[in-house]
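A short worksheet on the structure shown next.
Please treat every number below as a calculation from the coordinates, not as lab data. Since the model is a prediction, treat every value here as computed from it, not as a measurement. No Cβ is skipped: glycine too gets one built from the backbone with ideal geometry, and neighbour counts run over all protein chains shown.
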Amino acid sequence: MESPQYESKTIEELKLCKDQNKGISKLNKDKLIVKLSNHIMPSLDLYTKSVLCKRFYTYKTNFIDLLDLKKTTGLPIRQENPPEDITENIVKFILHKGDDPSSKWAKSMKEKGDLVSEKYFCPEVKSFTSNGPSSFGPKKVFGIIYFLDLRKWLDDIIILWKVNLSSDSLEWKNLKMNKTQTNQDQCNEKRRPHISWDNIYEQLKPHCQQIYNGTFEGIFP
């Protein structure tokens, strides 16, 4: 009989899954046991508001300067995507406004992944600045996933979506990557599934929640 599936996996739900030996795939079970046994996190996240502001405005200034240079010279210089420390910490501070005040930047806490949390297991962050696809590792494990929409970030519009599903959720596994294959199909082939946010939203709309739509300065509690 198939194991019961959960939507987003909180720490308490996962402890129950572990105790009852159900609700989580064999692939993720060892990672879960390690994660739960080490779930007492250091208290201090040194990636503060002032650090994020400095990083964000430096990146924005350099990005605009390069746009001007390309316009005046015609040189085909590639614009760099926002660094992960900026995007992941934007999400962190938005979450501090209410959805998950315990959220911390994983690398600041010497942890793997994007964020660490006392509420959710392995929060995942994906950001995008265009309509192009995001990619996912075939063995990626998460208990909740956030999508940071930066398509209008130069106009000072930032949008954060929360998808209330885990990597073990049937809905996530059955996400259509193309006409013939699902997310799970491509993971089984050890490929990195690629899909755009708009396509994800179209298929998983009932599980998607917009939790922020505003300016950069407005992300802070």
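Just the Kirkwood number for segment 50-140, please: inverse of mean 1/r across all distinct Cα pairs, in Å, one decimal. It is 15.1 Å. Listed here are the pairs Lys139/Lys179; Lys119/Lys190; Lys60/Lys104; Lys104/Lys173; Lys176/Lys205; Lys49/Lys140; which of them are more than 18 Å apart at the Cα? The answer is Lys139/Lys179; Lys119/Lys190; Lys60/Lys104; Lys104/Lys173; Lys49/Lys140.
Ordering Thr73, Thr87 from the fewest to the most neighbouring beta carbons within 10 Å gives Thr73, Thr87. Put in line by how crowded their Cβ is, counting other Cβ atoms within 10 Å and starting with the fewest, Cys53, Cys208 read Cys53, Cys208.
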